[in-house]
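Take a look at the structure set out below.
The values are calculated or read from the model by the stated rules, or taken from the named source; none is laboratory data. Please read all numbers here as calculations on a predicted model, not as lab measurements. Here Cβ is always computed from backbone atoms with ideal geometry, including for glycine, and neighbour counts include all displayed protein chains.
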Amino acid sequence: MVIRVPSASLIGVDAHKVDVEVHLGRGLPGFEIVGLPEGAVRESRVRVCAALAQSGFDMPPRHVILNLAPADMRKRGSHFDLAIAAGILASCGLVFDTELQSTLLVGELSLTGELRPVTGLLPMLRCAQKEGLGRAIIPLDQLAEASLVRGMDVFGAADLRSAIAFLTGESSLPRACGEQALENERPDADMAEVAGQLLGKRALEVAAAGQHDVLFVGPPGAGKTMLAKRLPGILPPPTREERLEIATIASAAGLPIPTSRPFRAPHHTSSGVALVGGGDPIRPGEVTLAHGGVLFLDELPEFNRTALESLRTVMEAGEVHIVRAHERALMPARCIIVGAMNPCPCGYAGDPNHRCHCAPGRAEAYRARISGPLLDRFDLRVWLSSVSLEELDRAPAGEPSASIRARVIRARDRAQARGDLEEGRRPSNTARLLAKHLTELRPSARQLLENASNRLGLSMRSVGRVLRVARTIAHLAESDHIEVPHLAEALRFRGDFLRDAKTDTDTLPKQAPSHQSQNI
C-alpha cells in the first residue's frame, strides 16, 4: 500500500505541489528517498528517524521507500520532514490515510521532534489552497504569518507528537485567526520634514499617483535620499491582495513579514542576480523584494553596468522571467524605482556654491555610465539643487505625507475608473493607452507635443511616457482632458540634461530643468 501526503516545493516565489509517497517494502530495514532530492531533503531521513524515536514512535522494521512526485522536479529544503514522518506512521496504521489526503504538512523536525519554522510558508499555503486542500499543519511559531491566508484552516503544532495526536483526533491544535495588516506610513519619515525642494516633492507625488520611475540628479547633500525614503509614506494603502503578495515574497525569501510597504536600498556593489533575481536555487532579487513599494538605487552610476542594464526589461514589464535548464520562475516586480546620482565624480558640477574639480571629459564619461535606453525608462528626471541655510529659514512648513497621500489616492481612483491603470498598477497595454491619451489631448496641447517631439527628437516610447505623466498630472488636477499646463509639466520632468550636457560641466542646470516647456 502506498500512502500519499500532500506537500509543496518552492521555486522562486511560487510553490508547486509535491506528493510524498511512502511504501513499506520487503527486505532488510532501510530508508531510501527518490525523486530528485537535494542535500537537505536526503538528510531528512536522519532527522525523521531521530524525531520518531524521541516522540515515542518506532520506525517500522521494513525497507522504507520514499518518492517525491513529480520525480522530474528538484526538491529542496527541510520542510518535508513532517510530511515524511506522518507518511511513515500512516503506513504503519497509526494515522488514517483519509486524514492526510486533504491536509498540507509543512515543517522541519529537530532531533527531539520539535517543529521548526521553514522558508516559503505562505507560497506553500497558497499553492495548497489552489489544489483544493482544506487545512494545513505548520510550525506553531509561524501561525501569525499563516493568518494572512483566508479560506483555509491552518493549525500550528509545537512538535511531532502534538501534530500526530491532532491527526488521530486525540487532541486539538491552535488555529490561525485574524490578519496582520500593513501600515502605510513610516512614522520616522514624513514629507513634512523636507524643507524646500518643491520640485522633488512634486515629482514624488506624480510618481506615487501614476507608478512612475524617478531619477534624482544633484550635488551631495541636496536631499535625494531623504526624499526617496519618504515615498512609501505617500503611496496608497495596499489592497488585501497586495498585502498578501508582499508577504508571500518576503516569506519565499526567508525575510520577516513587513509591516509597511517595502523600501529596498541595495548597495551599489550588488550584482545583476542580486538586483533581478536568479541563482541556484532561484531566489527573488531586490526588484521583486520591493514589489508594491520602492526600490532606491543610490549612486546609480556606481552600479555594475550589466546589473543596471538587467533592469531595463523589468522596468518595462513589471515582472522578472528567470529561465534555467531544469526550471523557470516568474516573479512580480511592480515597484517604483528611484535612482539618485551626482552629476560628476566629485559631485559638484552645476552647483553654484561649489567648484567642480573633475578633469575635462571625466564628468561626461561618468554620466555616460547610464545608458540611453535605461535613462529613457525613467519617466521623471529631476535636478535637485543644494539648499542653503537662508533658503531653509525662508521655506514654508512642509506638507505632511498624509495630505499628499490623500491626493494620490483620489488620482489613482480616477485613473482606475477610467481604465488608465490596472488595479492601481502600471498600464497593461502601452500602445492602447498611447492611442487613448492622444485622443484626449486638446488641440493646443497636441500642437505643443508635436513641436516638442520634433525639437527634442522624442521616440514613440518617450512620447508615450510623456503622455502617461501628463495623464497622471491631469488626474491629480481632477481633469478629464490633458491640458497644455499638464503636458508642459510632463515635458519639464522629461529633462534630458544628462545627455544634452557637453563636456564642460558648467553647462549642467543650476536650477530645475525647464527648457522643454520654453519656446516650443
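Here are the numbers:
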quantity	calculated
Verdict on residue 249 being in contact with a Leu (Cβ under 8 Å, 6 or more places away or on another chain), assigned to a loop (DSSP other than H, G, I, E, B) and β-branched (Val, Ile, Thr)	no
Residue 40 in contact with a helix residue (DSSP H, G or I) (Cβ under 7 Å, 6 or more places away or on another chain) and buried (at least 16 other Cβ atoms within 10 Å of the Cβ)	no
Of the criteria (1) in contact (Cβ under 8 Å) with a residue 40 or more places away in the chain; (2) of a type in the set (A, V, I, L, M); (3) in contact with a strand residue (DSSP E or B) (Cβ under 6 Å, 6 or more places away or on another chain), which one residue 52 fails	(3)
Test: residue 469 is in contact with a helix residue (DSSP H, G or I) (Cβ under 9 Å, 6 or more places away or on another chain), modelled with pLDDT under 90, aliphatic (A, V, I, L, M) and assigned to a helix (DSSP H, G or I)	no
Members of segment 59-96 found to be within 31 Å of the chain's Cα centre (by Cα) and part of a strand (DSSP E or B), listed by number	68, 69, 75
Residue count, segment 286-329 (criterion: surrounded by fewer than 18 Cβ atoms within 10 Å (Cβ to Cβ) and in a helix (DSSP H, G or I))	8
Enumeration of residues in segment 100-136 that are of a type in the set (Lys, Arg), in contact with an Asp or Glu (Cβ under 9 Å, 6 or more places away or on another chain) and over 15 Å from residue 158 (Cβ atoms)	126, 135
Single match in 85, 53 (criterion: crowded, with 17+ Cβ neighbours inside 10 Å, at pLDDT 95 or above and either among the basic types (Lys, Arg) or within 21 Å of residue 170 (Cβ to Cβ) (or both))	85
Matching entry among 410, 442, 355, 418 (being farther than 21 Å from residue 204 by Cβ and either touching a Lys or Arg at 6+ places or on another chain (Cβ under 6 Å) or modelled with pLDDT of 85 or more (or both))	355
Restricting segment 437-480 to residues that are charged (D, E, K, R) and touching a Gly at 6+ places or on another chain (Cβ under 9 Å), the residue that is farthest from residue 372 (Cα to Cα)	471
Selection count where residues are among the hydrophobic types (A, V, I, L, M, F, W, C) and within 14 Å of residue 207 (Cβ to Cβ), scope segment 471-489	2
Test: residue 286 is in contact with a helix residue (DSSP H, G or I) (Cβ under 6 Å, 6 or more places away or on another chain), in contact (Cβ under 8 Å) with a residue 12 or more places away in the chain, assigned by TED's automatic domain parsing to the domain that holds residue 210 and not aliphatic (A, V, I, L, M)	yes
Residue satisfying condition, being surrounded by fewer than 19 Cβ atoms within 10 Å (Cβ to Cβ) and more than 18 Å from residue 128 (Cα to Cα), within set 23, 16	23
Flag if residue 363 is surrounded by 16 or more Cβ atoms within 10 Å (Cβ to Cβ) and either within 30 Å of residue 237 (Cα to Cα) or in contact with a strand residue (DSSP E or B) (Cβ under 9 Å, 6 or more places away or on another chain) (or both)	no
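Rundown of residues vs (1) under 40 Å from the mean Cα position of the chain (by Cα); (2) in a strand (DSSP E or B), yes/no style:
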{"residue": "6", "(1), (2)": "yes, yes"}
{"residue": "16", "(1), (2)": "yes, yes"}
{"residue": "28", "(1), (2)": "no, no"}
{"residue": "31", "(1), (2)": "no, yes"}
{"residue": "40", "(1), (2)": "yes, no"}
